[in-house]
Amino acid sequence: MSPSFVLPPIHDNKDGSWGPSSTSVPTQFQDIPYSPYSKSEKLGRFADWTEGDGSRSLAATGGAARSANRAGAGRGRAGVEAGGANAFAYFHVEDESSFSLVDSKATAPGARRGVNRGRGLPRQGGPSGRGGAGGRYGTQANRGRRPGATGRGGWKEWEKVNRSRESSVPIQPDWSMLEEIDFPRLAKLRLDVDLEEPKTVGTFGQVFAYDRTFDRITPKTERPLNILDRVRYNTTTSDDPIIQDLASKGVAKAYATDTILSWLMCCTRSVYPWDVIITHEGGKVFFDKRDGGPFDFITVNENAADPPMETDKEKDSINSPGSLSLEATFIDQHFSFQAVEEKTSFKFQRPNPFTSPEDREPLASCGYRYRVFDLGIDEEDEFTIAVRTQVEAFIPGANPKAAPQLVALRTLNEFDSKAPGAGGAPEWRSKLDTQRGAVVATEWKNNSFKLSKYAVQSVLAGADVIKIGYVSRVNPRENSRHATLTTATMRPSDFVSQLNVSLSNGWGIVRMIADKVLGMPEGKYLLIKDPNKSIIRLYSVPATALVGEEEPEIPEEDEGAE
């Protein structure tokens, strides 16, 4: 016999409202309370099985029961109207009566340490019971943190500037990327080069004697940085007439300046974007820079944990990266002009190759040394690179017959120790005498790439001494007046060791790049550092690319303010 189902009678709601009608409730449902609700509201409990016989067990007094009951009461309260709410409401009478507050006072520091009483989390400097500072909401120090988080808990995260930078050169659609190399791969390259036997193929220009009074300057006897009208040439590799002559004679396979070569050798420490133009022509490689590009300026705090950033609010600020770079370049040039005695000079073999007899402007103290380095892997591998290096001064020998010591002059500058991007640098005027090591260590950390280039340039030039001037603003809020606070002296080889610069790694990077370009068809290539990643990319570009770019004018407000 098949089962049957009889449909029960259905009572329609004649009132037109939701739910059973108040006038036509079936007899068996007349004594059961009903809580009206809206469709848009969430239901709490649609049935309470603890109310079946009119009594309720109150034995559950554990923490789990209280937590569940509190959560249920909070959710069920919404949408419950007067009348039917009592049947579904939760009463805390018995539950609360079983709880007793242990302590409501803040524990004195160091008192009752290690004792955990009451309920909830263990006490951390205060009561952990309900209503205490260490209970439900945690201690004030930990309030607002994620579980297990440490530190400031994201303090002022919204004020942090987006650290994305733009490429030094806009990538064009007709450029084709040939190679992409990350810095960890570059750091593994090695090539040992004998720096004791480079061949000097020519020396040009003249240098003045270094002013020894700069070695006795202290923060208490600071010397103002004067503005001197001198001319120093910074010609790129392909436009150098001496390099053109050496290339026609086939002296080397690769040609570069010390600025470009040191940049490539230390590129794994770079953070800001940069680019190098590489030309493969006649079986030779030429490394060039763009006029007005990154190679013509000096960066400030590039390696700091929080380097200076250019925002719309601080675009024209004196502490923006562009303004600081111009200021650092201005300081470096005029320090080298001032730190020499023009009454005593040392002339190299030939005059300055970039000037003519018609030029009447006084030349700066600068000597050019063209040197050839052997980058061959073995005796059968003939690979040499010709480099134009420069020195800025000399120190006379103990006697007239003694050879003079060649000096490289460089600077570090302080802008504002309290400004964003200062990198935690201490105030120089008060710390250079008492905590000189802390000042030097901070500068090595914040300007690792710049100082590494200084060291490598002095080694390439064969300088005997490198002098680094510490130059600071007279007023931190004004970038037109500066003063030299002190001068540090060191030997280039010791400087390289202190900075932990690997020359063999630098030579390996240069040789690898040159080999890749020589293995490609003759033409023009561009090596670009990614603006936001530790990656370099090699592009093949048309011969007309990056030609005819005008050099940006440097504001002359500094000279007018002096």
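Using heavy atoms of the protein chains and a probe of 1.4 Å, the accessible area assigned to L518 is about 50 Å². Charge dipole (Cα centre; +1 on Lys/Arg Cβ, -1 on Asp/Glu Cβ; no other charges) of segment 431-507 amounts to roughly 260 debye. Give me the orientation-averaged projected area of the Cα convex hull of segment 429-486, in nm², one decimal. For segment 429-486, the mean projected area of the Cα convex hull comes to 5.0 nm².
Take L326: with every protein chain present and a 1.4 Å probe, its accessible area is about 50 Å².
All Cα-Cα separations within segment 371-471 were binned at 5 Å from zero, giving a P(r) of 2, 11, 15, 16, 13, 13, 12, 8, 6, 3, 1, 0, each value a whole percent of the pairs. Please report the spacing between the Cα centers of segment 528-542 and segment 304-368 in Å, no decimals. Measuring centre to centre over Cα atoms gives 28 Å. Its Cα gyration tensor gives segment 222-308 an equivalent ellipsoid. The semi-axes, each the square root of 5 times an eigenvalue, are 29, 20, 10 Å from largest down. Note on segment 482-525: percent of Cα-Cα distances in each 10 Å bin, starting at 0 and stopping at the bin with the largest distance, equals 20, 26, 23, 19, 10, 1.
Pairs of Lys residues in segment 379-456 are counted when their Cα atoms are under 23 angstrom apart and they lie 8 or more places apart or on different chains; the count is 6. When the listed pairs K347/K529; K199/K467; K347/K467; K188/K524 are checked against a 30 Å cut-off, the alpha-carbon distance exceeds it for K347/K529. Peptides 372-381, 531-540 ranked from most to least packed, by the mean per-residue count of other Cβ atoms within 10 Å: 531-540, 372-381. For M490, M177, the ranking by accessible surface with the largest value first comes to M177, M490, using a 1.4 Å probe.
Checking every one of the trypsin sites (Lys or Arg not before Pro) in segment 409-484 against DSSP loop status and a limit of 10 other Cβ atoms within 10 Å picks out K418, R477. Sorting the Cα pairs of segment 328-408 by distance into bins of 5 Å, from 0 upward, gives 3, 10, 17, 19, 17, 13, 10, 6, 4, 1 percent per bin. Here segment 432-552 has 47 percent of its accessible surface on carbon and sulfur atoms, given a 1.4 Å probe and all protein chains in place.
Basic side chains Lys and Arg get +1 at the Cβ, acidic Asp and Glu get -1 at the Cβ, and with that the dipole of segment 373-492 about its Cα centre reaches some 1020 debye.
When segment 383-541 is described by a simple charge dipole with +1 on each Lys and Arg Cβ and -1 on each Asp and Glu Cβ, the residue from G462, T486, S472 located farthest towards its positive end is S472.
The values are calculated or read from the model by the stated rules, or taken from the named source; none is laboratory data. This is a predicted model, so every value here is computed, not measured. Because the Cβ atoms are built from the backbone with ideal geometry, glycine has one as well, and the counts that use them run over all protein chains shown. When the accessible area is computed, the model is the full protein with side chains, heavy atoms only, and any ligands, DNA or RNA have been set aside. Shrake-Rupley method; radii C 1.70, N 1.55, O 1.52, S 1.80 Å.
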